[in-house]
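The values are calculated or read from the model by the stated rules, or taken from the named source; none is laboratory data. Keep in mind that this is a model prediction, so the values were computed, not measured. All Cβ positions, even for glycine, are placed from backbone atoms using ideal geometry, and neighbour counts span all protein chains on display. Side chains included, ligands, DNA and RNA excluded: accessible areas come from the protein's heavy atoms. Shrake-Rupley method; radii C 1.70, N 1.55, O 1.52, S 1.80 Å.
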Amino acid sequence: MYANFSYVKNEPARGELKCHRCAICDGYGCPDMLPGLGGVFEGKNFQLNYEGWRELFQKASALGKAEEIRKTPVRSKQLRCGPVTGAVENIGYEFERDFYFPYLMNAAQAGLGLCVGDGCPDEKLKFGVEALQKINEAAAGGTETSADSYKFTENSKIAAAFFLKPYPQERLFERVEWVRPYASHIGIDIDSYNIVTMRNLVNLERKTAAQLQEFREHTKLPFVIKGVFTQEDIDLVRHVHPEVVYISNHGGRVETRIGSTAHFLADNAAELKKYCQEIWVDGGIRTHQDIQTALYFGADKIIMARPLIRATFDSHYQETIKELCN
């Protein structure tokens, strides 16, 4: 299913990847590498995210459910690339613009859903929009950047879920208009008011349920609350009833409670499903079995970033997708 497609033909990435390329991407090789691809608290939540999926699988195995998990089918439409910005300071690209098109086009050609992030300065969000424009131009024109085996339907538009930082409302409304032409979903990254890499750079705020509802009504698009990881976040979800709840601790990169997204999903999926249509999750997902475990414990969509960032930078995307999906 995933073996016979090609990828965008891009030149080797310019820069130096801010990653040690560990054989196992578990957060122990890059504690506190921020900027970079590490995490806060000496990488603790990054490490717990990785370990959590294995612990859940072991728990299920003890109950005789291992084979059931292993038989869970994985389809490309259940997967999305993560919303990523900061290509220079966090990934190591020489130029910010160089990251967005290959990262998103590779995901599109693999049949994955797309997510686009927000950042400071504003050009980061605009580079994501620009990449979506280029992908759609390639699809419409049948140029060599559009893989022959990835069939874009005639007159279709390749869209993404856009995740905006929690700026004050009026600035958020402005950003909605930038992304609306290519947005399938629009979400608020609720935990990023506290993200280390943006601290003291911009005015971000902790959103109330009323503010989230106002934003949702303004967008008139499927709404995602991203960064759900605490009981207070569940209370927000209960009030707002978004179309999508996105469980995340920002890959262990935001200062929140200590814990894993895996265990948060397992503990709260049944409750959250009462207030939303879908649950998305990210954090430490590295293997086919991790994806199956997340689906088994209640996720509808699986979001991955670090493996796909590295695969894009090092040009081994096809091999990575085969490992994850087959």
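Of all positions in the range 133-142, at least one carries a residue that is open to solvent by less than 30 Å² (accessible area, probe 1.4 Å), closer than 22 Å to Asp314 by Cβ, of a type in the set (A, V, I, L, M) and assigned to a helix (DSSP H, G or I).
Does Val281 fit the bill of being in contact (Cβ under 8 Å) with a residue 12 or more places away in the chain, within 25 Å of Arg21 (Cα to Cα), surrounded by 24 or more Cβ atoms within 10 Å (Cβ to Cβ) and touching a helix residue (DSSP H, G or I) at 6+ places or on another chain (Cβ under 6 Å)? For Val281, the condition - in contact (Cβ under 8 Å) with a residue 12 or more places away in the chain, within 25 Å of Arg21 (Cα to Cα), surrounded by 24 or more Cβ atoms within 10 Å (Cβ to Cβ) and touching a helix residue (DSSP H, G or I) at 6+ places or on another chain (Cβ under 6 Å) - is met.
Please tell me if Arg238 is surrounded by fewer than 20 Cβ atoms within 10 Å (Cβ to Cβ) and part of a loop (DSSP other than H, G, I, E, B). Steps first, please.
Values: surrounded by fewer than 20 Cβ atoms within 10 Å (Cβ to Cβ): yes; part of a loop (DSSP other than H, G, I, E, B): no.
Criteria not met by Arg238.
Cβ separations smaller than 6 Å between residues 6+ apart or across chains give the following pairs from the range 216-229 residues that are within 18 Å of Ala159 (Cβ to Cβ) and in a strand (DSSP E or B) to residues that are of a type outside the set (Ser, Thr, Tyr) and open to solvent by 10 Å² or more (accessible area, probe 1.4 Å): Phe223/Arg216; Phe223/Glu243; Val224/His185. For the residues Leu34, Leu104, the requirement of being open to solvent by less than 10 Å² (accessible area, probe 1.4 Å) and in contact (Cβ under 8 Å) with a residue 12 or more places away in the chain singles out Leu104.
Within the range 190-218, the residues that satisfy the criterion of being under 19 Å from Asp118 (Cβ atoms), open to solvent by less than 30 Å² (accessible area, probe 1.4 Å) and modelled with pLDDT of 95 or more are Ile190, Lys207, Leu212, Phe215.
With respect to Glu154, is the statement that it is open to solvent by 60 Å² or more (accessible area, probe 1.4 Å), of a type outside the set (A, V, I, L, M) and modelled with pLDDT of 95 or more true? The answer is no for Glu154. Sub-6 Å Cβ pairs linking a first residue in the range 42-54 that is under 26 Å from Ala66 (Cβ atoms) to a second residue that is open to solvent by less than 20 Å² (accessible area, probe 1.4 Å) and of a type in the set (Val, Ile, Thr), at least 6 apart or interchain, are Asn49/Thr261; Trp53/Thr293, ordered by first then second residue. Scanning the range 80-102 for residues that are assigned to a helix (DSSP H, G or I) and touching a Gly at 6+ places or on another chain (Cβ under 7 Å), we see that the one that is modelled with the lowest pLDDT is Asn90.
Got at least one residue in the range 223-233 being under 19 Å from the mean Cα position of the chain (by Cα), farther than 16 Å from Ile303 by Cβ, open to solvent by 10 Å² or more (accessible area, probe 1.4 Å) and acidic (Asp, Glu)?
Looking through the range 223-233, at least one residue is under 19 Å from the mean Cα position of the chain (by Cα), farther than 16 Å from Ile303 by Cβ, open to solvent by 10 Å² or more (accessible area, probe 1.4 Å) and acidic (Asp, Glu).
Taken over the range 241-250, the criterion of being surrounded by fewer than 24 Cβ atoms within 10 Å (Cβ to Cβ) and out of contact with any Pro (no Cβ under 7 Å at 6 or more places or on another chain) is satisfied by His241 alone. When the residues of the range 107-132 are filtered to those that are touching a residue at least 60 places away in the same chain (Cβ under 8 Å) and in a helix (DSSP H, G or I), the one that is surrounded by the fewest Cβ atoms within 10 Å (Cβ to Cβ) is Gln109. Gly141: of a type in the set (Gly, Ala, Ser) and free of Cβ contacts under 8 Å to residues at least 24 places away in the same chain, yes or no? Yes: the conditions hold for Gly141. Taking residues in the range 253-275 that are within 14 Å of Leu236 (Cβ to Cβ), and partners anywhere that are assigned to a loop (DSSP other than H, G, I, E, B) and open to solvent by 60 Å² or more (accessible area, probe 1.4 Å), the pairs with Cβ atoms closer than 6 Å and at least 6 places apart or on different chains are Tyr275/His241. Considered as a group, the residues in the range 304-326 that are touching a Pro at 6+ places or on another chain (Cβ under 8 Å) and not in a loop (DSSP other than H, G, I, E, B) include one that is surrounded by the most Cβ atoms within 10 Å (Cβ to Cβ), and that residue is Thr312. Of all residues in the range 1-16, those satisfying the criterion of being within 22 Å of the chain's Cα centre (by Cα) and either within 29 Å of Pro73 (Cα to Cα) or at pLDDT 95 or above (or both) are Tyr2, Tyr7, Val8. Of everything in the range 284-303 that is out of contact with any strand residue (DSSP E or B) (no Cβ under 7 Å at 6 or more places or on another chain) and within 24 Å of Lys44 (Cβ to Cβ), the residue that is surrounded by the fewest Cβ atoms within 10 Å (Cβ to Cβ) is Thr287.
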